[in-house]
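The values are calculated or read from the model by the stated rules, or taken from the named source; none is laboratory data. Just so it is clear, the structure is predicted and the values come from calculations on it, not from any experiment. Backbone-built Cβ (ideal geometry, glycine too); neighbour counts: all protein chains shown. Ligands, DNA and RNA are excluded from the accessible area calculation, which covers all protein heavy atoms including side chains. Shrake-Rupley method; radii C 1.70, N 1.55, O 1.52, S 1.80 Å.
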Amino acid sequence: MSKHVIGADAVISTAAIFGKTPPLLIPGDVVKQMRAGSVIVDLAADAAAGRGNCELTRPGQQFVTDNGVTIIGTLNLPGRIPIHASQAYATT
């Protein structure tokens, strides 16, 4: 999977297991090989684990790595979406 992540402009990871540390899917060395301007949205960011599916995720923060990759580690992103938006998506 690393070669696909390295070549991607945007990566969204969502692998979370209730009550357990999220599986590590994107090691730090893979992020270092990504192009500047690429974005990783880690929906599995876990404050207790100190990371998400990406090794470099900082739970609750958005930051840019030294090589220009933006990593978004927003906590509980689904809980931030208004209920009406969820209902609209559910009926389409």
Evaluation of GLY60 against (1) in contact with a Gly (Cβ under 7 Å, 6 or more places away or on another chain); (2) in a helix (DSSP H, G or I); (3) of a type outside the set (Asp, Glu) (one fails), failing number: (2)
Of the residues in the stretch 23-48, how many are open to solvent by less than 40 Å² (accessible area, probe 1.4 Å) and within 18 Å of GLY79 (Cβ to Cβ)? 4
Pair list, Cβ under 9 Å, 6 or more apart: the stretch 50-69 residue of a type in the set (Phe, Trp, Tyr), other residue in a loop (DSSP other than H, G, I, E, B) and open to solvent by less than 30 Å² (accessible area, probe 1.4 Å): PHE63/GLY73
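From the list LYS20, LYS3, exactly one residue is among the basic types (Lys, Arg), surrounded by fewer than 13 Cβ atoms within 10 Å (Cβ to Cβ) and part of a loop (DSSP other than H, G, I, E, B). Which is it? Show your work before the answer.
On the way: LYS3 fails: part of a loop (DSSP other than H, G, I, E, B).
One residue alone meets the criteria, LYS20.
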By residue number, the members of the stretch 63-92 that are part of a strand (DSSP E or B) and open to solvent by less than 60 Å² (accessible area, probe 1.4 Å) are PHE63, THR70, ILE71, ILE72
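Identify the residue in the stretch 1-47 that is free of Cβ contacts under 8 Å to residues at least 12 places away in the same chain and of a type in the set (Gly, Ala, Ser) and, among all such residues, is nearest to VAL69 (Cα to Cα).
First pass over the stretch 1-47, keeping only residues free of Cβ contacts under 8 Å to residues at least 12 places away in the same chain: 3-4, 7, 17-20, 29.
Now restrict to residues that are of a type in the set (Gly, Ala, Ser): 7, 19.
Details: GLY7: 12, GLY19: 29 Å.
Applying the filter and picking the extreme gives GLY7.
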